[in-house]
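Take this structure, written in structure tokens, and hold onto it; I'll ask about it next.
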Amino acid sequence: MFLIYNPSSLDNKPDVAVDYSFYRRSPRRATGEKFLQQDQPPGYSAPRRCPQFDAGGGRGTSLVAGQSLPLGSFPEGEWRLEIKVTTKLSGQVRFTQSVKFVVTA
């Protein structure tokens, strides 16, 4: 779970896309990783927000975002999750963050 602060909006309704990309560290090489999968949750667009949501409230307006992903199908090893937030209005990537994690049996 994370917050998206001050999302760009049209008519004070946000329209952003959140992409999750998974990379697995190569167990045969000391460096490098392999892209494995990308997951695109439903999105955070104006039609999906409740009618009362108002991004025009000034600074501090935020969206709560998150995704639950079962890791049972992921092979054991070291992984990196890259989260990218894109404003659909401009196509501009607003934020990219990586998180490392390990899958074990």
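From the list T61, T96, which residue is closer than 16 Å to L3 by Cβ and modelled with pLDDT of 90 or more?
Matching residue, one of T61, T96: T96.
Still on this structure, please answer the following. Is there a residue being modelled with pLDDT of 90 or more and either under 14 Å from the mean Cα position of the chain (by Cα) or of a type in the set (S, T, N, Q) (or both) anywhere in region 67-80?
Within region 67-80, one or more residues are modelled with pLDDT of 90 or more and either under 14 Å from the mean Cα position of the chain (by Cα) or of a type in the set (S, T, N, Q) (or both).
The values are calculated or read from the model by the stated rules, or taken from the named source; none is laboratory data. If you're wondering where the values come from, they're calculated on a predicted model, not measured in any experiment. For neighbour counting, all protein chains shown are included, and Cβ atoms are generated from backbone atoms with ideal geometry for every residue, glycine included.
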